[in-house]
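Following: one structure in structure tokens, then a few remarks.
Rule-based calculations on the coordinates, nothing more; no lab input. Just so it is clear, the model here is predicted, and its values are computed rather than measured. A quick note on method: Cβ atoms are made from the backbone with ideal geometry, for glycine too, and the neighbour counts reach across all protein chains shown.
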Amino acid sequence: MADEMNGVWETCSSASVKRASRRLGQLYEDVLKPTGLRGTQFTLLAQIGMAEAPSLRQLAAALVMDLSALGHTLKPLTRDGLVSLVADASDKRVKRVILTPDGRARLAEAQRHWAVAQRRFEQVLGPDEAKALRQVLAEVSSPDFAARFAAAGREGGEPPAK
């Protein structure tokens, strides 16, 4: 069975990326375990910290998530007092996400653990290869790539999706 599946990983870019993402996620989560955060939660806290009070839409776009998935991921962080949702000062309909003091402290702790995982990753893969991989993945996750992918389907004479 394993040999039969090898062809999938070698020929399907999506399956290969998802498989690698799951493995890498497991490895990083093992290192993050002492912080009590899952990898997705760490990524979310880090993005909120970098963006400094992003709106829910901005945060979802930056993480390439839909709003419902973002809401689901935010719930335990809100429950645990690590983030707060606040109304935007100029438009009360817009909700902004901020790190609480506890959230900032947990993020700082998690960043130390993340740095260990990051060093291990670069040691095993190689710093140049790790950088090249991040560049390729940034391109693939960009809105421009999604637009070009869709355009390739229209121009390629493919049958329309049902």
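So what's the angle, to the nearest 10 degrees on a 0 to 90 scale, between helix 39-51 and the longest Cα principal axis of the chain?
So the helix axis and the longest Cα principal axis differ by about 60 degrees.
If you place +1 on the Cβ of every Lys and Arg and -1 on the Cβ of every Asp and Glu, how big does the dipole about the Cα centre of the chain come out, in debye to the nearest 20?
Taking the Cα centre of the chain as origin, the dipole is about 600 debye.
Round to the nearest 0.05 the FRET efficiency obtained for Arg112 and Arg22 when R0 = 25 Å and r is the Cβ-Cβ distance.
About 0.55, to the nearest 0.05.
Using amide H atoms built 1.01 Å from N in the peptide plane, name the residues 5+ places from Ala53, or on other chains, whose amide H lies under 5 Å from its own.
Excluding prolines and chain starts, which carry no amide H, the hits are Leu99.
Taking 0.36 nm per residue of sequence separation and subtracting the Cα-Cα distance, how much length would be gained by fully extending the chain between Leu56 and Ala15, in nm to one decimal?
11.9 nm
Which number gives the lysine pairs in the range 12-162 that have C-alpha atoms under 22 Å apart and are eight or more places apart or on different chains?
5
Provide the gained length on full extension for the span Ser141 to Arg38, in nm with one decimal, where the gain is 0.36 nm per separating residue minus the Cα-Cα distance.
This chain segment gains 35.0 nm when fully extended.
Looking at (1) 31, 24, 14; (2) 41, 18, 16; (3) 22, 17, 16, which value of semi-axes √(5λ) of the Cα gyration tensor in Å comes from a calculation on the structure shown?
Label (1) holds the value from this structure.
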